[in-house]
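Nothing in this text is a laboratory measurement; each read-out follows from the coordinates by a stated rule. Just so you know, these numbers come straight off a predicted model, no measurement behind them. Neighbour counts run over all protein chains shown; Cβ positions are idealised from the backbone, glycine included.
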Amino acid sequence: MLGDGDFVEHVLLMAKERLHRKYVLASKGIGFKQLPQWVSELTAIPRSKWNGLPLTDLADRLRISLPTVSVAVQRGCEIVEREKLDIAQLRI
């Protein structure tokens with residue numbers, strides 16, 4: 001038995017939110033090739049300035065914490081490695 005109804009509803013809600021976050025970009029038609037442009041527009045940082053950009057600058061522009069940016073960058077690196085993506089597409 002999974003437990004009481006509140007617990008089950010909470011777990012299902014968390015799973016639904018995770019799934020939503022995972023596919024929100026895809027649902028907007030933003031794939032790997034469109035991602036650099038979307039990030040540039042979101043952060044107002046031209047792609048030519050990405051290399052060597054301090055994470056603190058990115059955190060300030062996005063109004064999120066430095067650890068959040070750091071985790072997101074690490075996850076992105078893991079995805080690129082796992083999926084064997086060609087990150088040369090992201091560079092100008």
**Item:** Identified option (computed Rg/Rh (Cα atoms, Kirkwood Rh); candidates (i) 0.95; (ii) 0.92; (iii) 1.08)
**Value:** (iii)
**Loop sites in the range 12-60: trypsin sites (Lys or Arg not before Pro), DSSP, at most 15 other Cβ within 10 Å** = LYS28, LYS33
**Request:** Please work out the C-alpha center-to-center distance from the range 52-83 to the range 5-34 and express it in whole Å.
**Result:** 20 Å
**Prompt:** Using Cα pairs under 8 angstrom and six or more residues apart, how large is the relative contact order of the range 31-92, in percent?
**Reply:** 35 percent
**Asked** Can you sort LEU62, LEU13 so the residue with the fewest Cβ neighbours within 10 Å comes first?
**Response** LEU13, LEU62
**Message:** How far apart, in nanometres, would the label points at GLU81 and GLN37 be if each is projected 7 angstrom from Cα along the Cα-to-Cβ direction?
**Reply:** 3.0 nm
**Request:** Arrange the following residues from fewest to most other Cβ atoms within 10 Å of their Cβ: ASP86, ASP57.
**Result:** ASP86, ASP57
